[in-house]
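Here's the structure, in structure tokens; my notes come after.
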Amino acid sequence: MSQIRLGTRGSALARWQADWVAGQLRANGAEVEIVEIRTSGDESTSEPVRELGAIGVFTKEIQAALLDERIDLAVHSLKDLPTETVPGLVLAAVPVRGPHRDAVVCGVFPSLDDLPDGATIGTGSLRRRTQLLHKYPGRFQIEEIRGNVDTRLRKVKQGEYDAILLAEAGLVRLGLQKNITSILEPPDFLPAVGQGALGLETRENDSPTRTAVAFLNDPDTFASVAAERAFLKRMQGGCSAPIAAYGQVIDGVLHLHGRVMSLDGKEMNETRQSAAPDRAPDLGETVAEILL
């Protein structure tokens with residue numbers, strides 16, 4: 001086949017993800033060119049992501065490049081990919097999921113439990129904020145933090161925050177796992193929809209590229225994130241509260257744990273349901289309907 005033009009953001013983590021996919025494709029005999037694309041989410045590093053005013057701030061420019069045939073393949077952090085389908089594009093493959101949990105990086109103390117009352121914790125995630133408020137009511141001062149992983153790590157080391165919360169996957173993929181002081185484990189802390197997973201997106205009519213990436217798809221991961229994304233899509237229809245979910249296939253059965261929180265963290269509604277993996281979208285909608 002002809003050369004695959006792979007589109008990605010230019011951040012260190014996005015480049016790691018793109019380089020990994022490109023390496024897998026090249027090892028399988030494909031020629032790959034990486035094309036960096038700047039997104040609207042990269043333009044502002046100070047405002048909270050939820051206040052940037054648009055869905056898909058990290059993906060829409062890359063999807064536009066796919067539609068315009070400037071690239072043939074997009075590699076996304078799946079948690080950044082909107083659940084609304086873009087006509088003409090398809091999620092062609094989801095590789096085996098990486099670490100899915102949230103990680104704590106403390107400046108001095110070994111874990112959140114050891115932090116003094118009133119300690120300042122940085123996170124840019126409403127989901128992490130509300131679960132933290134629920135688990136530790138009234139204990140911490142939670143502040144917004146933006147910037148790439150290195151910037152955030154520098155801020156906690158310089159004492160601007162007593163601790164920060166980050167995705168475990170990003171730290172591991174960048175070789176920065178030595179900075180992790182503790183892990184926020186389910187069920188107390190559920191991840192974002194798609195956290196730790198990569199999404200490989202192509203044009204729907206581009207059979208050669210879809211065929212080239214098919215070997216990278218992991219059916220269990222694909223089913224898990226399909227259920228999570230169906231859950232999120234349905235929840236957004238009637239709720240703007242913080243949402244978390246985690247799906248996994250165990251012994252051939254797909255399990256989905258969905259959660260919705262109040263903004264102050266005081267209220268938490270959740271449910272766990274199961275279905276066959278080929279019923280993933282239906283499972284996600286069922287969990288959403290229960291919580292709605």
Only helices at least 24 Å long along their own axis, judged from Cα atoms, and with Kyte-Doolittle mean hydropathy of -0.5 or greater: name those in the chain from DSSP H. 219-236
For the Glu160, Ile290 Cβ pair and Förster radius 51 Å, calculated FRET efficiency rounded to 0.05 is 0.80
For Ser11, enumerate residues with amide H under 5 Å from its amide H, sequence gap 5+ or separate chain, H modeled in the peptide plane. none
Dipole magnitude (debye, nearest 20) for the chain, charges at Cβ of Lys, Arg, Asp, Glu: 320 debye
Residue-span extension gain [Phe109 to Glu31] - 0.36 nm each, minus C-alpha spacing: 23.3 nm
Once phi is turned into θ = phi - 60°, what whole-Hz ³J(HN,Hα) does the Karplus curve with 6.51, -1.76 and 1.60 give for every residue of region 88-95, x standing for Gly and Pro? x, 10, 9, 7, 7, 7, 10, x
Which percent of the accessible heavy-atom area of the chain goes to carbon and sulfur, probe 1.4 angstrom? 47 percent
Burial ranking of peptide ranges 67-77, 142-152 (average Cβ count within 10 Å, highest at the top): 67-77, 142-152
Over the chain, relative contact order from alpha-carbon pairs under 8 Å, at least 6 apart, %: 21 percent
Mind jotting down the distance between the C-alpha centroids of region 198-250 and region 54-123, whole Å? 13 Å
Check: in the chain the Lys pairs 8 or more apart or on separate chains whose Cα atoms fall under 28 Å apart number 16
Based solely on its DSSP helices, what 222 nm [θ] is calculated for the chain when runs of n ≥ 4 H residues each add -39,500 (n - 2.57) and the sum is averaged over all residues, nearest 500 deg cm²/dmol? -9000 deg cm²/dmol
Estimated vicinal HN-Hα couplings, Hz - region 241-257 in sequence order (Karplus 6.51, -1.76, 1.60; Gly, Pro = x): 7, x, 10, 9, 6, 8, x, 7, 9, 10, 6, x, 10, 8, 10, 10, 10
What Kirkwood radius, in Å to one decimal, follows from the Cα pairs of region 140-292? 17.5 Å
Expressed as a whole-number percentage, the relative contact order of region 251-291 with C-alpha contacts under 8 angstrom and at least six residues apart is 43 percent
For the chain, with every protein chain kept in place, what is the accessible area per residue (1.4 Å probe, Å²)? 45 Å²
Cα convex hull volume per residue for region 114-171, in Å³, equals 86 Å³
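The values are calculated or read from the model by the stated rules, or taken from the named source; none is laboratory data. Bear in mind that the values here come from a model prediction, so they are computed numbers and not experimental data. FYI the Cβ positions are ideal-geometry reconstructions off the backbone, even for glycines, and counts take in every protein chain you see. SASA here: full protein model, heavy atoms, side chains in, ligands and nucleic acids out. Shrake-Rupley method; radii C 1.70, N 1.55, O 1.52, S 1.80 Å.
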